[in-house]
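For reference, the structure discussed in these notes is given below.
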Amino acid sequence: MSSLRVVSAGLDLMAESIEAQGVTTTRVDWSPPAGGDPDALVPLAAAYADPAIDAAIADAVVRLQAAQPHLISAGRAGDLIPGLEGRMILHAGPPIEWERRCVPQRLAAAGACVLEGWAEDLDAGLALLESGDVEMAPAHSLGSAGAMAGIISPSAAAWHVRDEVSGIDAWTPFNDGPGDAFWLGVGGPEAVERQRRMAEVVAPAFAAALTSHGPLDIFGLLAQGLAMGDDCHMRHQATTMLLMRELLPAMAEETPEKVAETARMVGTNGHFALTITIAAARTALESIRGIGPSSVVTFISRNGVDAAVQIAGLPDEWFLAPAPLVGDPLYRPGYSDDDAAGDIGDSALVECCGLGAAASAASPAVAAFLGGGLADAVAGTHEMDAICIAESERFGLPVLDGRGTPLGVDARAVVDLGYGPTVNTGILHARDGGQIGAGIARVPVAPFQQALVRLLESRPAA
């Protein structure tokens, strides 16, 4: 018996009983594909066996690796975003009726009504929105995306990003920082005033700097940020400093009177570069929409109530499930799950592009913030490895000898392994708005399974 070696796959009970008899046992962490669910196994097997899906995925990888998003300009959202006109406000997440919309998004949208001069105060803004006199539309419907509440109104400051390879454009609001801010579901006077200053001072300063400097390579900036400890989702301190290093000289030359206020606002906002990252990811992922029967995920979008997923092979269809609470939460004192809104924002685009949770190993500081360490950060990246299709050629991980971050979430792998992408994100107060914590959200599996079934239904009969 001393020479006997056993490999045990699956249940620990079997391994334990063999080990109790003194036999050396190697445990393999295994579970049935799709959790053994026959309703999921049939389409999963068909999707893995379809060579056209494999070919479309390979094409998608080539395009994702080739994407070169550049920061083009900044200005008023109404001047930059085609179709954002009249009384219209954009929001993060899929479409949703006012009655179901989460409170943080309602409050931020009401603040936008005050910013635009459509309402005198927050209560009047809420009444205006409830009446339907102001149209609310998903940001993605106009080529845009935003963090958390993701509110964009015509007078808000916005960025313009373009992928130099595909020519695809995307727009995103300026990140308005900590505390009272639209993106965090607060629409009060301080949040409105901050929006005004960004539109009147900060956006024109960056617009002038970009005109002088020329388009800025965003992925190049983010790659440097990863090497300096950012995950480029929950942590953007290094990337924000790199952005200022690139553009501050031109800003000082072109608009010296705006430099001090701009520097103050950016200097107190470690998330300033976040929305630029989101827009860059959107342009890259948009370049693979409509590629054959590809099962690569192109959009993950949450509004605090619903979580929606889109895949490349079904560019005009969305698949929904209830938005979960953010997991592994670290709450500010006095708060708990009872106070938390559901997962919200378009920022999970970055996880689909090799950043955020996919790049956890680059940022032990994020893991430490959430109560973990370097091993947890590396484990987060490896977990994303299992549901992704490639390693990024742009984003390296110094702690893992420079290997690329996991790139391109495959809906097949999500269904196979039974877990969705993780998302490093904040937590908003469900009733009052404002940030009360942060954690790691898990995108539900159900939308990926729905998408896979629908993808197979759309395939020509054999």
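The values are calculated or read from the model by the stated rules, or taken from the named source; none is laboratory data. Everything quoted here is computed from the prediction, not taken from an experiment. Note: ideal-geometry Cβ built from the backbone for every residue, glycine included; neighbour counts use all protein chains shown.
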- prompt: So which of Ala139, Ala77, Ala56 is under 26 Å from Ser287 (Cβ atoms), touching an Asp or Glu at 6+ places or on another chain (Cβ under 8 Å) and of a type in the set (Gly, Ala, Ser)?
  reply: Ala139
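Here is a yes/no grid of residues against (1) hydroxyl-bearing (Ser, Thr, Tyr); (2) in the same structural domain as Val453 (by TED's automatic domain parsing); (3) modelled with pLDDT of 95 or more:
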| position | (1), (2), (3) |
| --- | --- |
| Ser2 | yes, no, no |
| Val7 | no, no, no |
| Glu16 | no, no, no |
| Gly22 | no, no, no |
| Val42 | no, yes, no |
| Ile53 | no, yes, yes |
| Ala56 | no, yes, yes |
| Ala92 | no, no, yes |
| Arg106 | no, no, yes |
message: With at pLDDT 95 or above and either assigned by TED's automatic domain parsing to the domain that holds Val326 or surrounded by 18 or more Cβ atoms within 10 Å (Cβ to Cβ) (or both) as the only criterion, which of Gly418, Gly426, Gly439 stands out?
response: Gly418
Matching residues, the stretch 329-363, being in a loop (DSSP other than H, G, I, E, B) and surrounded by fewer than 20 Cβ atoms within 10 Å (Cβ to Cβ): Arg332, Pro333, Gly334, Tyr335, Ser336
- prompt: Only one residue in Pro329, Pro333, Pro322, Pro293 is at pLDDT below 95 and of a type outside the set (D, E, K, R), so which one is that?
  reply: Pro329
All positions within the stretch 90-112 that are in contact with an Asp or Glu (Cβ under 6 Å, 6 or more places away or on another chain) and within 20 Å of Ala156 (Cβ to Cβ): Ala92
- line: With the first residue restricted to the stretch 181-204 and required to be farther than 15 Å from Arg76 by Cα and without any contact (Cβ under 8 Å) to a residue 24 or more places away in the chain, and the second required to be of a type in the set (Lys, Arg) and in a helix (DSSP H, G or I), Cβ contacts under 9 Å at 6 or more apart or on different chains are Ala181/Arg194
message: Of the conditions (1) in contact with a Lys or Arg (Cβ under 9 Å, 6 or more places away or on another chain); (2) outside any strand (DSSP E or B), Ile278 satisfies every one except a single condition; which number is it?
response: (1)
message: Being assigned to a strand (DSSP E or B) and not polar (S, T, N, Q): is that true of Trp159 here?
response: yes
message: With the structure loaded, tell me whether Asp133 is in a loop (DSSP other than H, G, I, E, B) and free of Cβ contacts under 8 Å to residues at least 60 places away in the same chain or whether it fails that test.
response: yes
task: Would you check if there is a residue in the stretch 157-174 being under 10 Å from Gly111 (Cα atoms), in contact with a strand residue (DSSP E or B) (Cβ under 8 Å, 6 or more places away or on another chain), modelled with pLDDT of 95 or more and surrounded by 24 or more Cβ atoms within 10 Å (Cβ to Cβ)?
output: no
message: Condition first: of a type in the set (S, T, N, Q) and in contact (Cβ under 8 Å) with a residue 60 or more places away in the chain. Can you find one or more residues in the stretch 217-236 that meet it?
response: no
- request: Determine if the stretch 364-381 includes at least one residue that is surrounded by fewer than 22 Cβ atoms within 10 Å (Cβ to Cβ), modelled with pLDDT of 95 or more, out of contact with any strand residue (DSSP E or B) (no Cβ under 7 Å at 6 or more places or on another chain) and part of a loop (DSSP other than H, G, I, E, B).
  value: no
- prompt: In the stretch 81-128, how many are of a type outside the set (D, E, K, R) and part of a helix (DSSP H, G or I)?
  reply: 19
- prompt: Can you spot a residue in the stretch 87-94 that is buried (at least 18 other Cβ atoms within 10 Å of the Cβ), under 26 Å from the mean Cα position of the chain (by Cα), under 30 Å from Ile387 (Cα atoms) and among the aliphatic types (A, V, I, L, M)?
  reply: yes
